[in-house]
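Visitor: One structure is given below, represented as structure tokens, and several questions about it will come after.
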Amino acid sequence: MFTDMVHVSGFYRRKRQNHVTNCYAKHQCPNCPSIFVWKCTLRRHLRNECGREPRFKCPYCDYRGKWKANITRHIKRVHKNCYNYVVVTN
Ligand SMILES: [Zn+2]
Ligand SMILES: [Zn+2]
């Protein structure tokens with residue numbers, strides 16, 4: 001009885017993984033050529049990125065990015081020893 005239950009839960013877990021694999025890279029943005037692995041990423045893209053100018057800007061040069069993390073990474077890499085902050089434009 002116990003063994004059967006373990007088998008069943010293992011089966012369901014495997015089935016769910018297959019489902020995720022089948023959805024791999026299938027979410028294409030309806031407005032641009034971007035393709036997303038996860039539906040939630042596509043939703044985020046539509047809400048924050050698609051058709052918009054990048055909002056975040058490096059304070060030391062013209063580098064722009066759609067995500068704050070892109071700028072902080074850029075500053076760490078390019079403007080070493082500079083104070084790491086992000087300019088938000090709109
Ligand atoms: Zn798009
Ligand atoms: Zn910069």
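Visitor: Please go through the range 20-33 and pick out each residue that is surrounded by 12 or more Cβ atoms within 10 Å (Cβ to Cβ) and at pLDDT 90 or above.
Guide: Scanning the range 20-33 gives HIS27, GLN28, CYS29.
Visitor: Of everything in the range 49-85, what is within 16 Å of ligand 1 (Cβ to nearest atom), among the acidic types (Asp, Glu) and assigned to a loop (DSSP other than H, G, I, E, B)? Give them in sequence order.
Guide: Hit for the range 49-85 is GLU53, nothing else.
Visitor: Are there any pairs with C-beta distances below 8 angstrom linking a residue in the range 29-55 that is under 17 Å from GLY65 (Cα atoms) to a residue that is exposed (fewer than 14 other Cβ atoms within 10 Å of the Cβ) and among the β-branched types (Val, Ile, Thr), with the two at least 6 apart or on different chains, and if so which?
Guide: GLU53/THR89; ARG55/VAL88; ARG55/THR89
Visitor: Can I ask one more? How about the range 32-66: which of its residues are within 15 Å of ligand 2 (Cβ to nearest atom) and of a type in the set (A, V, I, L, M, F, W, C)?
Guide: Of everything in the range 32-66, those that are within 15 Å of ligand 2 (Cβ to nearest atom) and of a type in the set (A, V, I, L, M, F, W, C) turn out to be PHE56, CYS58, CYS61.
The values are calculated or read from the model by the stated rules, or taken from the named source; none is laboratory data. Remember, it's a predicted structure, so these values are computed and weren't measured experimentally. Positions of Cβ are backbone-derived with ideal geometry, glycine not excepted, and every protein chain shown enters the neighbour counts.
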